[in-house]
1. Starting with the highest mean, order A:409-417, A:266-274, A:243-251 by the number of other Cβ atoms within 10 Å, averaged over the residues of each peptide.
2. Sort A:Ile395, A:Ile48, A:Ile375 so the one with the fewest other Cβ atoms within 10 Å of its own Cβ comes first.
3. Taking the Cα centre of the protein assembly as shown as origin and charging only Cβ (+1 Lys, Arg; -1 Asp, Glu), how large is the dipole, in debye to the nearest 20?
4. Given an 8 Å cut-off on Cα distances and at least 6 residues of separation, report the relative contact order of chain B as a percent.
5. Mind listing the phi-derived Karplus ³J(HN,Hα) values for segment A:440-448, rounded to whole Hz, using 6.51, -1.76 and 1.60 with θ = phi - 60°, and x for any glycine or proline?
6. Sort A:168-176, A:211-219 for me by packing, meaning the mean count of neighbouring Cβ atoms within 10 Å per residue, highest on top.
7. Going by C-beta contacts inside 10 Å, put A:Glu301, B:Glu19 in order with the fewest on the left.
8. Which FRET efficiency value, to the nearest 0.05, do you get for A:Ser18 and B:Lys49 by plugging their Cβ-Cβ distance into 1/(1 + (r/R0)^6) with R0 = 35 Å?
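Please treat every number below as a calculation from the coordinates, not as lab data. Quick caveat, the model's predicted, so the values are computed rather than measured. Note: ideal-geometry Cβ built from the backbone for every residue, glycine included; neighbour counts use all protein chains shown.
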Amino acid sequence: MNDLHKLGAIQLGAAIGSGECSASEAVDTCLRQIKRNNDKVNAFVTVIAGEARANAQLVDAEIAAKGSRGPLHGVPIAHKDLYYTEGVRTTAGSKVQEDFIPEFGATVVARLRDAGMIMLGKLNTHEFAYGPTNDTSHFGACRNPWNFERVSGGSSGGSGASIGMRMLPAATGSDTGGSIRIPAACCGITGLKPTYGRIPRDGIFPLCWTMDHPGPMARSVEDIAVLLQVMSGFDAKDPSSSLLPVPDYPRLLNKGVSGLRIGIPNRHFFDQSDAEINVLVHDALTEFEKMGAHLIDVDIEHIEHASAAAMAIYLAEATAYHENQLGEDPTRYSEQVRTFLDLGNHVLAKDYIHAQRYRTLLGQHLATLLTSVDILATPTLPIVAPKLGQSDVEIRGHLEGVFAALLRNTEPFNLAGVPALVVPCGLSKLMPVSLQLIGGAFDESRILAAGHAFQRVTDWHTNLPPYLTEL
Amino acid sequence: MASKRPPIRTKTIQAVATEYVGQPISAARAKSYSGHIESIWEMFSGLRKLPLKDVEPAIVFRPTTADE
């Protein structure tokens, strides 16, 4: 079977389960794609070809004897290099951890393996996930599949670039201020930051304990729903893990959007985004209206303070986590990450507490707002992926830092801990543009159904980067 | 009425890093940080003015049981 790399995760799983192709063929196809294309984007930092091929043979034997375990059995995956993987180097994109080989794997890695997925390797990340561009990594910058002179976005840049470049159908990411959604938006793929506590954090290097959200990245919402199903659920090793039962996400995908009330924030998101991006996101919202949804103007009180609160929490928690290693040898950190860690030494305890109080305030307001509307919608990013090394960006005549711009629309929902799904919705300057859908806590199924409905009437998520279409 | 805070000084940054945190930094590095710290503290001043009376921080203490 040709072109296996063009299939999404559940399409590939179905082909393997039905005997149309083998897991070995799927793994070989992905390994060929990695060999052919990884040097263009620098997404993979470790490839375990031999182990993956051996595991694929075991999967093929198991399927031949007993049938498929489920929709992901035999499907290749790779993990952000923040996730511990037993016996496989885990660096967090940093020289500090360059020789670290964990003796155990993250809970999520084990769950995906138990579902039959085959790990191909580890993916580039912004050093310790402390930045939204992925141009700071011990392994070098991760580049964008749509334009190799631009960033992949981060911190889960390798995850975004590997899927965008069709080296993989699915990957894991983690999101502290937007680190799943930003690279997904930059690379033209689909990503979900679930509710805080939905997917366990055990075995993943922390950036900020109270803001870190592991989650899936893939090409379609359908794939995301199946991955989320496997990754979710209580884990006693994660003190923030939720005891709430896990719904059947794939079964709830086809609810449609007729009558859905979509709240459109009247400030902070659209008015501070690039004008062309605004038009494309509004066009996407028109598609929802055509399907019977209602667009309702809303205001999110105190939203303008989200960046300050997020900054206080990043700085305080990350510096606390890294204090010992930073003191031992600060030169092993990159200049950018070391600067952030040093700055964390100057955050007052009361400001950290105020930031955590702000989270309560924002969470209460969003919970109230989400009784008058069902979901919220915003542009995922106010800009397209910036150029490598670019530090400032002009939006509507206003110059601001790239980091601040990339994080502005995503980090409020890390503070509130509510789920946010991002889907491609257009192209601006030949680069992907993305729509963000936000739901109430533990209401992933509603935003997944909305995203799926959108992808059934549009084909932005199937677009290939120019380099791949020219091959 | 609270008096206006004077701008943060390089020596203060160095003193905090050395004496409180135990991670000394050079004068040049401290100088480069002073601008960042000023703008960060300016952002934080907005948080201090929010209506946070009776609002508890999002972190809630949970006693650990013997089987954890």
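1. On the way: A:409-417: 27.2, A:266-274: 17.6, A:243-251: 14.1.
Per-residue Cβ counts within 10 Å, averaged per peptide and sorted highest first, yield A:409-417, A:266-274, A:243-251.
2. On the way: A:Ile395 16, A:Ile48 21, A:Ile375 26.
Ascending Cβ contact count within 10 Å gives the list A:Ile395, A:Ile48, A:Ile375.
3. On the way: 49 positive and 58 negative charges, 88 e Å.
In total the dipole reaches around 420 debye.
4. 25 percent
5. Computed from phi, the couplings for segment A:440-448 are x, 3, 6, 9, 4, 4, 6, 6, 5 Hz.
6. Numbers: A:168-176: 29.1, A:211-219: 27.3.
Per-residue mean Cβ counts within 10 Å order the peptides as A:168-176, A:211-219.
7. Values: A:Glu301 15, B:Glu19 9.
Ranked by crowding around the Cβ, least crowded first: B:Glu19, A:Glu301.
8. Values: r = 62 Å, r/R0 = 1.76.
Here the calculated transfer efficiency is 0.05.
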